[in-house]
1. Take Thr92, Thr59 and order them by how many other Cβ atoms sit within 10 Å, fewest up front.
2. Over the Cα atoms of the stretch 50-136, Rg to Rh with Kirkwood Rh, two decimal places?
3. If r is the Cβ-Cβ distance from Ile108 to Lys51 and R0 is 30 Å, what FRET efficiency results, to the nearest 0.05?
4. If r is the Cβ-Cβ distance from Ala58 to Leu132 and R0 is 35 Å, what FRET efficiency results, to the nearest 0.05?
5. Sort Ser129, Ser84 so the one with the fewest other Cβ atoms within 10 Å of its own Cβ comes first.
6. DSSP loop (so not H, G, I, E, B), at most 15 other Cβ within 10 Å: list which trypsin sites (Lys or Arg not before Pro) in the stretch 63-142 pass both filters.
7. Give me the one-decimal nm value for the distance between modelled label points at Ala81 and Glu33, 7 Å along each residue's Cα-to-Cβ direction.
8. Quick one: Tyr126, Tyr83, fewest Cβ neighbours within 10 Å first, how do they rank?
Amino acid sequence: STKTAKKPKKDERGALVNRMGVDPWHNWEAHYEVLPGKEKVVSELKQLAEKADHIYLATDLDREREAIAWHLREVIGGDDARYSRVVFNEITKNAIRQAFNKPGELNIDRVNAQQARRFMDRVVGYMVSPPLWKKIARGLSA
């Protein structure tokens with residue numbers, strides 16, 4: 001039998017975008033939302049940021065933490081010049097002092113690497129996992 005592909009209805013597309021976090025109908029654009037219950041935290045961060053002369057984004061140095069720092073900057077907003085990136089891998093006075101003495105900028109290549117990994121997890125995982133469940137074993141993920 002022949003199967004015909006059909007474009008999902010708008011509400012079905014919205015559910016797919018929310019579930020996958022990418023929009024296949026608009027150049028695979030990433031879609032982000034503040035997690036339910038975290039709106040107050042975001043509001044508080046924005047209020048604190050409004051009062052700050054400068055904002056330091058401090059996390060470990062890997063693509064996931066770089067993306068977290070980027071997301072914080074995106075959700076807080078404001079002039080990018082107000083932000084600096086500091087990195088330390090240990091919570092010691094010396095490590096923290098060194099990080100703040102040499103602040104840098106967000107590494108957008110690292111952010112893009114995390115975005116690409118997330119994209120592949122979502123697209124491949126959401127599209128390949130269901131057939132795996134049917135053919136091999138429930139609970140497997142691609």
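Each value in this text was obtained by applying a stated rule to the coordinates, not by laboratory testing. Owing to the predicted nature of the structure, the values given are computational and were not obtained by experimental measurement. FYI the Cβ positions are ideal-geometry reconstructions off the backbone, even for glycines, and counts take in every protein chain you see.
1. Working: Thr92 10, Thr59 17.
Final ranking by Cβ density, sparse to dense: Thr92, Thr59.
2. Numbers: Rg = 17.5 Å, Rh = 15.0 Å.
Radius of gyration over Kirkwood radius for the stretch 50-136 works out to 1.17.
3. On the way: r = 27 Å, r/R0 = 0.90.
E between Ile108 and Lys51, to the nearest 0.05, is 0.65.
4. Working: r = 39 Å, r/R0 = 1.13.
E between Ala58 and Leu132, to the nearest 0.05, is 0.35.
5. Numbers: Ser129 13, Ser84 17.
In increasing order of surrounding Cβ atoms, one gets Ser129, Ser84.
6. Filter output for the stretch 63-142: Arg138.
7. In this crude spin-label approximation the distance works out to 3.6 nm.
8. Numbers: Tyr126 16, Tyr83 20.
If I rank by nearby Cβ atoms, fewest first, I get Tyr126, Tyr83.
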